[in-house]
Amino acid sequence: MTLFGDPAIWLPVAFAGILGVSILLYVILDGFDLGVGILLPLADDAEKDRMIASIGPFWDANETWLVLGVGILLVAFPTAHGVILTALYLPVAVMLVGLILRGVAFEFRIKAPLERKSIWNWTFFAGSLMTALAQGLMLGLYIMGLEITLINVAFALLMALCVVGGYAFIGATWLILKTEEALQTKALIWARFGLFGAAFGLAAVSLATPFASDRIFDKWFSMPAFVALAPLPIVSTGLLVVLWLSLRHLSVSENRAGDWVPFTAAVALFVIAFVGLAYSFYPYIVPEKLTIYDAASAPESLMIILVGTLVVMPVILGYTALSYVIFRGKATELRYD
Amino acid sequence: MEELVLARIQFAANISFHILFPTITIGLGWVLLFFKLRYGASGDERWIEAYRFWVKVFALSFALGVVSGITMSFQFGTNWPGYMEKVGNIAGPLLAYEVLTAFFLEAVFIGIMLFGASRVSNWLHTVATFCVAFGTTMSAFWIIVLNSWMHTPVGFELRDGVAHATDWWAIVFNPSMPYRLTHMLMASGLTVAFLIAGLSALRLLMGDRSDSPRLALKVGVYLAAVLIPLQIYAGDLHGLNTLEHQPQKIAAMEANWETRSNVPLLLFAIPDQAQRKNHFEIGVPNGASLILKHRGDGVVPGLNDYVSADGKPLHPPVAAVFWSFRVMVGVGMLMLLVSWFAAWSLRGAGAAAISPWLLRGLVAMTFSGWVATLAGWYTTEIGRQPWLVQGVLTTAEAVGPVSAPLILSTLIVYLIIYAVLAVSYIAVLVHLSRKAAEGSGGGPATGLAAVTD
């Protein structure tokens, strides 16, 4: 396989790409699931059912992108997997407990006796919140190079709050898309609050990342990169304006046409933030310590995974799209028959 | 040293809790497809009622399997970083194929299977049900391939101390894989058969007046009665395969210290690894030789052949393997007894005359599959120690740098959560059964009358 040159060079890049896509899809897709969970206590009982119905058919598959992400990290960059996960042992454990609680609460709340339902609703909320906080902590510590110092932990805690805000925000825009009437009105209010959180988080990451290392600073603030990268902050600002206008418009609109705009814009915002981060750290997979080339598995093993991925990934995307088409439109009550 | 023990306990706790749920969903997915196809063919409402009840059990079990499985995928890295460093080139692709060909398939189609019945055509819903069942089985296939490779590693070479694949065909179809896969798939079938029979019996005892649980009970009993002799035969073949590739495991299973002929089949013993002998042996003369070599004077390997020059044991801890194996076989024999007796009782006469004692017996056996499956896995996994990958990597070499207090504190949290979830799971199964029984017009008050009249 010398078609594209030395596979020891391009295979790690290809897998960094697959890893990036998996994590991005996870953050967007489970992001809105977790956001809905975080917003749950703000709604009344009937609305809670509807909120969970809006994510019911999807959350399982959404979470699978995390398994693929950590799986690709494990199989394509095993050394990095060990370094990152042992450095982040505690937040990873908190996240896993959160994911467990969230996932089981989803089932238990409808199958357990009625008087236990509110306990499982709280479990659902707590699990979603823990997961988001832990992921924010992990992101913060990763940005700061996985070094545990007071300032880094303080930054990571700030990131934890930002990720909670960001997920709540995209969750609220999802609810605007998938619900109607009073609940949709509430979601619009949540989204307007969440927008400030998202904007703040975006600014915090953008400011902190270049100062985490000189290398990243130079990548952004040298010519011609500075000009080439200018669209990122400009488009992000534009999206924030679009979101603000759209939310204001929907709040006063009678028929609420264009209820898809906030979610779409929120997704675009997440994509841009992710591209910015990915650009900052490439080609490092453990910041400033290990590049994707240092950490990659043997080419013959990567090749056999790549072939499988290229064959299977379009199929996965196909039936994932099928599921979103089947459950399109406003969320209805979840029924097994 | 402490880190190693705690990392092992934590991993064992997680994987033990996890396997309970895939063991149910692998078999139950196919049973659900069977219910649905039977309904399609016969139009008999009882089949779709059975489907609707059991799909709830499936959804709950599936969620528990998914969340505990995610924990596993992270713990490979947090607990055993040395594992991926040494054999990542082999384990990696196998795990990747599990995610790509199984996890997404089941996770997407379970949404359609559970909530899509009113939104898609019947055939697409049937296809979704098939995809979920197929996905769970594919997942079992890949993970059993990897696990079997750890017992019987082939198709690779070590370069600079790292395993590199040389023959993927040999890796996938490694010597113990077909036996382990068959044994596990049938274990799943048996677990589900006794779960269905047990919960259906519980519903009848609670006074369920609908015909559906009687039908499901029959399905469970007959499935168990057919599978258990096949399972015993497959288990025997698996044992012979282990004798060939991991004789030290067989020696531990039989608690046989010296390589010799005419080895008895021990029914009871207290293996003492310090003194390297057994206390209070009760055995069937020549039994182990007969089972393993098919002749009374067959030579069975002994544990004392697996001790290093400086006296360190190179074989697994004997008592744990010996007793796990006996628990598994004991439960298997009980399954044979109960399922055949139940099948015989159910013949011809119709389910109306099921004796309440038989129902109680089936209720008692509801989770027998879990016990046997766990005991079987403990036998084979503890039986591989001190190796993580037989002959290639020891468990001690693979452990990570995480400190003991950190592992211990997270272990305690996991244990509390798993205990709460296990209790909640069983409580919800009972609750669903009671709700179904009350919904059928029956109830606890009319309980036994409805069964015996």
Look at residue B:262 and say whether it is surrounded by 15 or more Cβ atoms within 10 Å (Cβ to Cβ), among the polar types (S, T, N, Q) and assigned to a loop (DSSP other than H, G, I, E, B).
yes
Here are some residues: A:86, A:123, A:79, A:131. Which one is surrounded by 23 or more Cβ atoms within 10 Å (Cβ to Cβ), assigned to a helix (DSSP H, G or I) and of a type in the set (Val, Ile, Thr)?
A:131
Of the criteria (1) assigned to a loop (DSSP other than H, G, I, E, B); (2) closer than 30 Å to residue B:76 by Cβ; (3) open to solvent by less than 20 Å² (accessible area, probe 1.4 Å), which one residue B:391 fails:
(3)
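Listed here are the residues, each with its yes/no results for (1) crowded, with 24+ Cβ neighbours inside 10 Å; (2) touching a residue at least 40 places away in the same chain (Cβ under 8 Å); (3) more than 25 Å from the chain's Cα centre (by Cα); (4) within 11 Å of residue B:25 (Cβ to Cβ).
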site	(1), (2), (3), (4)
B:42	no, no, yes, no
B:50	yes, yes, no, no
B:56	no, yes, no, no
B:60	yes, yes, no, yes
B:66	yes, yes, no, yes
B:75	no, yes, no, no
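Residue-by-condition table, conditions (1) among the hydroxyl-bearing types (Ser, Thr, Tyr); (2) assigned to a helix (DSSP H, G or I); (3) at pLDDT below 85:
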| residue | (1), (2), (3) |
| --- | --- |
| A:268 | no, yes, no |
| A:271 | no, yes, no |
| A:276 | no, yes, no |
| A:288 | no, no, yes |
| A:294 | no, yes, yes |
| A:303 | no, yes, no |
| A:310 | no, yes, no |
| A:317 | no, yes, no |
What do you reckon, is residue A:330 touching an Asp or Glu at 6+ places or on another chain (Cβ under 7 Å) and either farther than 21 Å from residue A:65 by Cα or more than 14 Å from chain B (Cβ to nearest Cβ) (or both)?
yes
Filter region B:79-88 for residues that are open to solvent by 10 Å² or more (accessible area, probe 1.4 Å) and in contact with a Leu (Cβ under 9 Å, 6 or more places away or on another chain) and give the result.
B:80, B:81, B:82, B:86
Can you pull out every residue in region B:395-415 that is open to solvent by 60 Å² or more (accessible area, probe 1.4 Å) and either on the phi > 0 side of the Ramachandran plot or within 10 Å of chain A (Cβ to nearest Cβ) (or both)?
B:401, B:413
Could you please find all residues in region A:96-109 being closer than 18 Å to residue B:415 by Cβ and more than 7 Å from chain B (Cβ to nearest Cβ)?
A:98, A:101
Considering only region B:188-211, I want to know if a residue exists there that is touching a residue at least 60 places away in the same chain (Cβ under 8 Å), open to solvent by less than 10 Å² (accessible area, probe 1.4 Å), closer than 24 Å to residue B:319 by Cα and outside any helix (DSSP H, G or I).
no
Scan region B:83-116 for residues that are farther than 30 Å from residue A:336 by Cα and more than 8 Å from chain A (Cβ to nearest Cβ) and report the count.
4
Restricting attention to region B:177-210, the residues that are among the hydroxyl-bearing types (Ser, Thr, Tyr) and either modelled with pLDDT under 95 or more than 30 Å from residue B:242 (Cα to Cα) (or both) number exactly 2
Could you tell me which residue of region B:117-133 is most open to solvent (accessible area, probe 1.4 Å), considering only residues that are among the hydrophobic types (A, V, I, L, M, F, W, C) and within 11 Å of chain A (Cβ to nearest Cβ)?
B:127
What are the residue pairs meeting all of these: first residue in region A:230-245, first residue over 21 Å from residue A:192 (Cα atoms), second residue surrounded by fewer than 16 Cβ atoms within 10 Å (Cβ to Cβ) and of a type in the set (A, V, I, L, M), Cβ atoms under 8 Å, and 6 or more apart or on different chains?
A:232/A:275
Among (1) in contact with a Lys or Arg (Cβ under 8 Å, 6 or more places away or on another chain); (2) of a type in the set (Lys, Arg); (3) open to solvent by 20 Å² or more (accessible area, probe 1.4 Å) - the single one residue B:249 does not satisfy
(3)
Just one of the numbered conditions (1) touching a Leu at 6+ places or on another chain (Cβ under 7 Å); (2) open to solvent by less than 10 Å² (accessible area, probe 1.4 Å) is not true of residue A:31; which one?
(1)
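Assess whether residue B:305 counts as being at pLDDT below 95 and surrounded by fewer than 14 Cβ atoms within 10 Å (Cβ to Cβ).
Spelling it out, it is not the case that residue B:305 is at pLDDT below 95 and surrounded by fewer than 14 Cβ atoms within 10 Å (Cβ to Cβ).
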Those residues of region A:319-336 which are open to solvent by less than 40 Å² (accessible area, probe 1.4 Å) and in a helix (DSSP H, G or I) amount to A:319, A:320, A:323, A:326
Screening A:64, A:79, A:86 for residues that are at the interface with another protein chain (Cβ under 10 Å from one of its Cβ atoms), more than 14 Å from the chain's Cα centre (by Cα) and without any contact (Cβ under 8 Å) to a residue 24 or more places away in the chain leaves only A:86
For region B:1-17, which residues satisfy the criterion of being open to solvent by 40 Å² or more (accessible area, probe 1.4 Å) and not aliphatic (A, V, I, L, M)?
B:2, B:3, B:8
Could you look through region A:225-269, keep only residues that are over 24 Å from residue A:204 (Cα atoms) and out of contact with any helix residue (DSSP H, G or I) (no Cβ under 6 Å at 6 or more places or on another chain), and pick out the one that is surrounded by the fewest Cβ atoms within 10 Å (Cβ to Cβ)?
A:254
Of the residues that make up region A:51-67, is at least one crowded, with 21+ Cβ neighbours inside 10 Å and in contact with a strand residue (DSSP E or B) (Cβ under 7 Å, 6 or more places away or on another chain)?
no
Selection within region A:275-290 - in contact (Cβ under 8 Å) with a residue 12 or more places away in the chain and buried (at least 17 other Cβ atoms within 10 Å of the Cβ):
A:276, A:277, A:280, A:281, A:285, A:286, A:287, A:290
Would you tally the residues in region B:38-49 being among the aliphatic types (A, V, I, L, M) and within 13 Å of another protein chain (Cβ to nearest Cβ)?
1
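Yes or no, residue by residue, for (1) closer than 13 Å to residue A:36 by Cβ; (2) in a loop (DSSP other than H, G, I, E, B); (3) acidic (Asp, Glu); (4) open to solvent by 10 Å² or more (accessible area, probe 1.4 Å):
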position: A:94; (1), (2), (3), (4): no, no, no, yes
position: A:102; (1), (2), (3), (4): yes, no, no, no
position: A:119; (1), (2), (3), (4): no, no, no, yes
position: A:127; (1), (2), (3), (4): yes, no, no, no
position: A:137; (1), (2), (3), (4): no, no, no, yes
position: A:140; (1), (2), (3), (4): no, no, no, no
position: A:146; (1), (2), (3), (4): no, yes, no, yes
position: A:176; (1), (2), (3), (4): yes, no, no, no
position: A:189; (1), (2), (3), (4): no, no, no, yes
Have a look at B:323, B:344 and point out the one that is open to solvent by 40 Å² or more (accessible area, probe 1.4 Å), farther than 22 Å from residue B:261 by Cα and within 24 Å of the chain's Cα centre (by Cα).
B:323
Quick test for you: out of B:73, B:61, pick the one residue that is facing chain A (nearest Cβ under 7 Å), part of a helix (DSSP H, G or I) and among the polar types (S, T, N, Q).
B:73
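The values are calculated or read from the model by the stated rules, or taken from the named source; none is laboratory data. It should be emphasised that the depicted structure is a prediction, and the values quoted were computed from it without experimental measurement. Cβ coordinates were reconstructed from backbone atoms using ideal geometry, including for glycine residues, and neighbour counts include every protein chain displayed. For accessibility, only protein heavy atoms count, side chains too; no ligands or nucleic acids. Shrake-Rupley method; radii C 1.70, N 1.55, O 1.52, S 1.80 Å.
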